[in-house]
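**Student:** This structure is in structure tokens; I'll ask about it shortly.
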Amino acid sequence: MPSLPRPTRFIVAVLALAVAAGLTAARDTGRLRPVLALSVLGFALAGVYAIVGAPDVALVAVVIETVLTIVFVAVFARLPATAVVEPGSGSGRGLGRYRNAAAGVVAGASAFAVIWAALSRPPLGPPDAAAQIGLTPDAHGGDVVTVILADFRGLDTMVEITVLAVAIVGVVSLLRRGITQ
């Protein structure tokens, strides 16, 4: 078996760390360790982005992971220490555990099938790259790459702001509820 180049070995090691963190987050029943494991997962993926030549995406991933980790830890700190389980409601044991595992497998397989189908189909019409390049001056860009990146980054920033706003609203509502009780 041929030896992998140095950057590829590092990517494989970081992805192995990401898989371990994902499994830890999925299997742990606590609160803090899954949040920290998901944070490690996000930071590991940011490391992969940096290695493959996307430092801007890596920087955004580091910022988002840091903020979300702080938000999750703050929210979990405000929650009660134990959950109230009604008798007969099921506490994640027995049949409920298998139902949840089956639902996760079905959801994962469905997502994989949809993504595979979307990425595997051929384009519907002839390529219209020349037409898109011709529209570049109308979008006030110097070249087509700048216009495309500006559009995608604008949408990406809008979604990131929405996620942070929802997290902030959640934290504020939990803090207000904790103050009034």
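**Student:** Can you pull out the residues in the stretch 116-140 that are modelled with pLDDT under 85, under 31 Å from the mean Cα position of the chain (by Cα) and surrounded by 10 or more Cβ atoms within 10 Å (Cβ to Cβ)?
**Tutor:** 132, 139
**Student:** Continuing with this model, one more query. Give the residue, chosen from 19, 12, that is over 30 Å from residue 81 (Cα atoms), out of contact with any Gly (no Cβ under 9 Å at 6 or more places or on another chain) and assigned to a helix (DSSP H, G or I).
**Tutor:** After ruling out the rest, the residue left standing is 12.
**Student:** Being assigned to a helix (DSSP H, G or I), out of contact with any Ser or Thr (no Cβ under 9 Å at 6 or more places or on another chain) and within 30 Å of residue 74 (Cα to Cα) narrows it down to one residue among 119, 155; which is it?
**Tutor:** After ruling out the rest, the residue left standing is 155.
**Student:** So, one more: From the list 168, 161, which residue is surrounded by fewer than 11 Cβ atoms within 10 Å (Cβ to Cβ) and closer than 30 Å to residue 80 by Cα?
**Tutor:** Just a single option satisfies the conditions, and that option is 161.
**Student:** Scan the stretch 93-119 and report the pairs whose first residue is under 21 Å from residue 29 (Cα atoms) and whose second residue is surrounded by 10 or more Cβ atoms within 10 Å (Cβ to Cβ) and not charged (D, E, K, R), with Cβ atoms within less than 6 Å and a gap of 6+ or a chain change.
**Tutor:** 96/90
The values are calculated or read from the model by the stated rules, or taken from the named source; none is laboratory data. This one's a predicted model, so the numbers in the text were calculated from it and none came from an experiment. Because the Cβ atoms are built from the backbone with ideal geometry, glycine has one as well, and the counts that use them run over all protein chains shown.
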